[in-house]
Every structure is written in structure tokens, then in C-alpha cells.
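Notes follow the structure.
The values are calculated or read from the model by the stated rules, or taken from the named source; none is laboratory data. Since the structure is predicted, the reported quantities are computational estimates derived from the model, not experimental observations. Ideal geometry is used to build each Cβ from the backbone, glycine not excepted, and the neighbour counts take in all protein chains shown.
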């Protein structure tokens, strides 16, 4: 979708990863999703407000489950 943003679809769940803010030249179009993942807290990866609706937000290290999908956040240095 642009920069580090991807739309991952399963028949019953849509996940958007790392939505970027409107200042990024690679910004993705705005699509609704059930879940949004944020890899880290930079504006080119955490613009959750650009995703319409009320998606469940997954961020940070650890095990997470959202809309029946399991996510594993791994702490790294950036």
C-alpha cells in the first residue's frame, strides 16, 4: 500500500500494518480494517487515525490476539 504499510486479508478479517501519516510521500490510501499493527512509534508507522472505523490496534512486544488472529511483537532497536 505504500512505505511499510500492507493490507493483509483473510476472508473475515482485514489487517493493516504500519499506516503512515499524510506527510510521507509514500502514504497509502485510506482503507477500513479490523486490526491495525504498529511496529514502532514513528509517524511513518503509527498513523492509526488514518484508518477509518474503529480498528483494534496492536502495538508493542509480546503476544497479542485481535479478531481471532494471533500476533507476536518482537522488541528490536531502531
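Counting only residues that are surrounded by fewer than 16 Cβ atoms within 10 Å (Cβ to Cβ) and in contact (Cβ under 8 Å) with a residue 12 or more places away in the chain, segment 57-76 holds 8 of them.
Residues being in a strand (DSSP E or B) and over 11 Å from residue 16 (Cα atoms): count how many of those fall in segment 33-78. Total satisfying the criteria: 11.
What residue, among those in segment 14-32 that are assigned to a strand (DSSP E or B) and within 12 Å of residue 58 (Cβ to Cβ), is modelled with the highest pLDDT?
15
Residues that are crowded, with 17+ Cβ neighbours inside 10 Å and at pLDDT 80 or above within segment 1-13 comprise just one, 5.
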